[in-house]
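*Asks:* Okay, handing you the structure first.
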Ligand SMILES: C[S@@+](CC[C@H](N)C(=O)[O-])C[C@H]1O[C@@H](n2cnc3c(N)ncnc32)[C@H](O)[C@@H]1O
């Protein structure tokens, strides 16, 4: 059955991306300059970033369209004696009476939005960004040497006590639309038998840095700064974060 960030995908995500830490977390925390700030994390997933913010007493809420990811966030919160304010919501349809001082979407998640939902999603955030508030966004960058995988290829395997999740992938790149279209197959194996299968379409919109800067400007964002976070996801890694605001 085709799902989006379903149960097996969420278990895999939890197994290696459970809680943000180190330079990545420090970078986002550095924008919390006042303990009374209100923070919003659209596409918050399993609370990887949201929960460490809560642990520091920061007022943060989040939303996501995957019930399994939200469930993982709430259950993890319980173990930490926290009750995260998270709910099911699509970014492109988000509205609120509240205003937020900081809105952030870490880990390239904004690239999950198809081109036709980009302006609407940026407008949703613009409408709730407080005066002098900041928006922090990450995207997946265009890069050379994208490897297509026309056939199902095993890309990951994770053991959980008496069961294993095996992940297969197919990848196609549409350069004209800058769309990296992956298909993922998650198989839960118990006693040598596949007892559950989950299929997921995983399209990613890739951007050039300047292209995304222009997208933000064209959608009314100003004071755009691009930060390079060195070693952000660990030694030898880096990522870019777009900081912007509305005046
Ligand atoms: C890769 S996860 C990353 C979660 C989180 N940003 C982090 O840093 O770990 C991406 C999340 O975006 C969510 N998502 C994708 N499209 C969405 C949309 N249109 N509205 C809200 N959430 C969405 C998915 O359900 C998934 O949980």
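*Asks:* Give the residues of the stretch 4-26 that are near the ligand (Cβ under 10 Å from one of its atoms), more than 21 Å from residue 88 (Cβ to Cβ) and surrounded by fewer than 19 Cβ atoms within 10 Å (Cβ to Cβ), sorted by residue number.
*Replies:* Once the filter is applied, which keeps residues that are near the ligand (Cβ under 10 Å from one of its atoms), more than 21 Å from residue 88 (Cβ to Cβ) and surrounded by fewer than 19 Cβ atoms within 10 Å (Cβ to Cβ), the stretch 4-26 yields only 19.
*Asks:* On to the next question. Could you list, in sequence order, all residues of the stretch 30-44 that are surrounded by 15 or more Cβ atoms within 10 Å (Cβ to Cβ) and at negative phi?
*Replies:* 31, 32, 37, 38, 39, 40, 41, 42, 44
*Asks:* Here's another thing I want to ask about it. Across the stretch 41-55, what is the total count of residues that are closer than 17 Å to residue 103 by Cα and either free of Cβ contacts under 8 Å to residues at least 12 places away in the same chain or more than 12 Å from the ligand (Cβ to nearest atom) (or both)?
*Replies:* Total satisfying the criteria: 1.
*Asks:* Would you be able to tell me the number of residues in the stretch 135-189 that are in contact (Cβ under 8 Å) with a residue 12 or more places away in the chain and in a strand (DSSP E or B)?
*Replies:* Qualifying residue count for the region: 37.
*Asks:* Taking the conditions exactly as written (within 9 Å of the ligand (Cβ to nearest atom) and either modelled with pLDDT of 95 or more or assigned by TED's automatic domain parsing to the domain that holds residue 130 (or both)), does residue 68 satisfy them or not?
*Replies:* The answer is yes for residue 68.
*Asks:* How about the stretch 97-117: which of its residues are away from the ligand (no atom under 13 Å from the Cβ) and either surrounded by 19 or more Cβ atoms within 10 Å (Cβ to Cβ) or free of Cβ contacts under 8 Å to residues at least 40 places away in the same chain (or both)?
*Replies:* Scanning the stretch 97-117 gives 97, 100, 101, 102.
*Asks:* Taking into account only those residues within the stretch 75-87 that are within 15 Å of the ligand (Cβ to nearest atom) and surrounded by 15 or more Cβ atoms within 10 Å (Cβ to Cβ), which is nearest to the chain's Cα centre (by Cα)?
*Replies:* So the residue we want is 86.
The values are calculated or read from the model by the stated rules, or taken from the named source; none is laboratory data. Keep in mind it's a predicted model, so treat the numbers as computed, not measured. We place every Cβ from the backbone using ideal geometry, glycine too, and count neighbours over all the protein chains shown.
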